[in-house]
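Reviewing the structure listed below.
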Amino acid sequence: FTATIAGNVYAQPLYVEKGPGGKGAFYAVTESNNVYALDETTGAILWQKTLGIPAASSGAGCGNIAPIGITGTPYIDVATRTIYLSTAVAAAAGGSIKTHEIHALSIDDGAERAGGWPLDVSTVKSNSGGATFTPPLQNQRGALIALGGTLYVPYGGHAGDCGNYKGWVIAVPTANPSAATGYATPLRGTG
């Protein structure tokens with residue numbers, strides 16, 4: 001097994017027994033905003049997708065990941081054959097975080113699911129006191145999870161705790177991502 005991928009891996013690789021073409025596959029994501037499906041036996045790339053330009057820095061004045069792209073462990077819904085993940089995206093190479101996007105990709109070929117994906121997290125409104133999601137201050141390190149048709153994506157701050165960030169949990173109805181809502185912690189620096 002020999003796999004060659006581009007970018008640092010912070011997230012846990014995931015495995016699906018019957019991936020592309022019915023073969024077992026490992027799914028790996030990187031800080032270069034790359035997503036890979038790898039053959040379970042050889043490590044050969046079954047498909048690869050790049051999801052925007054990774055940020056060279058947080059833009060918040062702190063952080064210990066550079067570049068910063070996909071940090072948190074994705075979630076795979078085997079029933080719908082979808083991998084969900086969050087990316088930090090810059091406007092241009094060498095830039096800082098412009099936004100965070102939540103993607104829904106086919107585990108078979110990496111194609112983005114239709115119906116409102118990807119979701120720009122900065123468009124999600126808080127249902128807890130009107131807090132505003134500020135992309136450069138936020139980092140998505142925790143694993144994603146889904147329950148009852150809703151995907152949950154946690155956000156916190158960067159190493160160094162800079163800026164007036166809050167902890168966030170974004171709840172995304174997988175059938176209608178435009179109906180996503182967010183919960184922000186009431187105090188600064190919580191997650």
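The values are calculated or read from the model by the stated rules, or taken from the named source; none is laboratory data. Keep in mind the model is a prediction, meaning the values are calculated, not measured. We work out accessible area using only protein heavy atoms, side chains counted, and drop any ligands, DNA or RNA first. Shrake-Rupley method; radii C 1.70, N 1.55, O 1.52, S 1.80 Å.
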Response to the item:
Percent relative contact order for the range 1-132, counting Cα pairs under 8 Å at least six residues apart, stands at 19 percent
Worksheet item: Per the Kirkwood treatment, what hydrodynamic radius in Å, one decimal, follows for the range 83-141 from the mean inverse distance over all distinct Cα pairs?
Response: 12.8 Å
Worksheet entry | Where only C-alpha atoms are counted, convex hull volume of the range 103-175 per residue in Å³ | 111 Å³
Worksheet item: What is the distance in Å between the Cα centres of the range 100-142 and the range 1-40?
Response: 21 Å
Worksheet item: With every protein chain left in place, what is the accessible area per residue of the chain in square angstrom, probe 1.4 Å?
Response: 44 Å²
Worksheet, complete the sentence: Excluding residues fewer than 8 positions from LYS49 in its own chain, the aspartates and glutamates with Cα under 16 Å of it are GLU31, ASP39, GLU101, ASP108, ASP109, GLU112
Practice prompt. Run a plain Debye calculation on the range 18-119 (Cα atoms as equal point scatterers, no solvent) and give log10 I(q)/I(0) at q = 0.16 Å⁻¹, rounded to two decimals, same order as the q list.
Written response: -0.68
Discussion item. Out of the total accessible area of the chain (probe 1.4 Å, heavy atoms of protein only), what percent is carbon and sulfur?
Written reply: 54 percent
Practice prompt. Report, largest value first, the span of the C-alpha coordinates of the chain along each principal axis, in whole Å.
Written response: 47, 35, 25
Discussion item. Which of GLY69, GLY22, GLY110 ends up with the largest GNM mean-square fluctuation for the chain, with Cα atoms connected below 10 Å?
Written reply: GLY22
Worksheet item: Dividing the convex hull volume of the Cα atoms of the range 40-91 by its residue count, what figure in Å³ per residue is obtained?
Response: 121 Å³
